[in-house]
Amino acid sequence: MSPSLSLQTLRNWGQRAGFSLSDETLRHLSCYLELLMQWNRVMNLVGTRTAEETFATLVVDSLYLADFLSGEWTEKTRLNDSPECWDLGSGAGLPGLPLRMIWQKGTYWMVEAREKRALFLSTVLARNPLPGTHVFRGRAEAFMAGPPERSADLVISRAFMPWPSVLQLVHSALNPQGVVILLLREDVRHDPLWNQTSENWALLATSVYEVGTVHRYLCALQTS
């Protein structure tokens, strides 16, 4: 499929958000956004209606996440090696697909229970293969149970379930030094539930950024 969005247009959108993206990343993004907008007309995958709005309000999460995963805090974890990564409740592939167009360490599983969304993810990967990136169609619990028996170095969750439930779900499936990254609308420390959560989890790093007038947070946690 030849991309309908010009690379220069996407490059301008990226620069407007503060990111300089390679031509290879831009080509992947162009095809992804074209497919997403096509499927969105009949499946309502995302709430945005144009490629530009989708980039500005959703894809940017992936760009900030890629930067976050390259931060100094990762030197204390296994993320510098070849991590086993789980993206739970992947939906339309945000943040996972744009993230993997930039950050391609290890193996990355997008886990999605809804059949049509999982089909969309598989279609994107069939047309735009990304290294070590796979789709599992089914519930997170079924994925984690295997076979084969699985354990994670990195778990990413955006709007999958309330963050305390995510931590409870994956706690026993994390490898030693494993990390959970939550994409949230507020810092976990601002939630009253953090006081009891902090008994078992340590906050490794946070990052805050703005999308329009809204603050968004990336929070990396590790079992303590």
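The values are calculated or read from the model by the stated rules, or taken from the named source; none is laboratory data. Keep in mind the model is a prediction, meaning the values are calculated, not measured. Virtual Cβ from ideal backbone geometry, glycine too; neighbours counted across all protein chains shown. Just so you know, the surface numbers come from the protein's heavy atoms only, side chains and all, with ligands and any DNA or RNA stripped out. Shrake-Rupley method; radii C 1.70, N 1.55, O 1.52, S 1.80 Å.
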Query raised in the report: Residue check: is P148 in a loop (DSSP other than H, G, I, E, B), open to solvent by 50 Å² or more (accessible area, probe 1.4 Å) and not small (G, A, S)?
Result: yes
Query raised in the report: For region 18-46, what are the residues that are closer than 24 Å to G89 by Cβ and open to solvent by 70 Å² or more (accessible area, probe 1.4 Å)?
Result: Q38, R41, V42, N44
Report summary line: Reported set for region 114-130 where residues are open to solvent by less than 20 Å² (accessible area, probe 1.4 Å), in contact (Cβ under 8 Å) with a residue 40 or more places away in the chain and not in a loop (DSSP other than H, G, I, E, B) is F120, V124
**Report entry** V170 being open to solvent by less than 70 Å² (accessible area, probe 1.4 Å), under 30 Å from F19 (Cα atoms) and among the β-branched types (V, I, T)
**Finding:** no
Query raised in the report: How many residues, within region 53-90, are over 10 Å from the mean Cα position of the chain (by Cα), part of a loop (DSSP other than H, G, I, E, B) and under 16 Å from I181 (Cβ atoms)?
Result: 5
Requested in this report: Give just the number: which of (1) part of a strand (DSSP E or B); (2) among the β-branched types (V, I, T); (3) out of contact with any Gly (no Cβ under 8 Å at 6 or more places or on another chain) does V111 not satisfy?
Outcome: (3)
Query - Counted residues, region 74-92 - those being over 21 Å from L169 (Cα atoms), in contact with a helix residue (DSSP H, G or I) (Cβ under 9 Å, 6 or more places away or on another chain) and not aliphatic (A, V, I, L, M) - result: 2
**Report entry** Enumeration of residues in region 176-204 that are touching a strand residue (DSSP E or B) at 6+ places or on another chain (Cβ under 8 Å), in a strand (DSSP E or B) and either more than 19 Å from D87 (Cβ to Cβ) or open to solvent by 30 Å² or more (accessible area, probe 1.4 Å) (or both)
**Finding:** Q177, L184, W201, A202, L203, L204
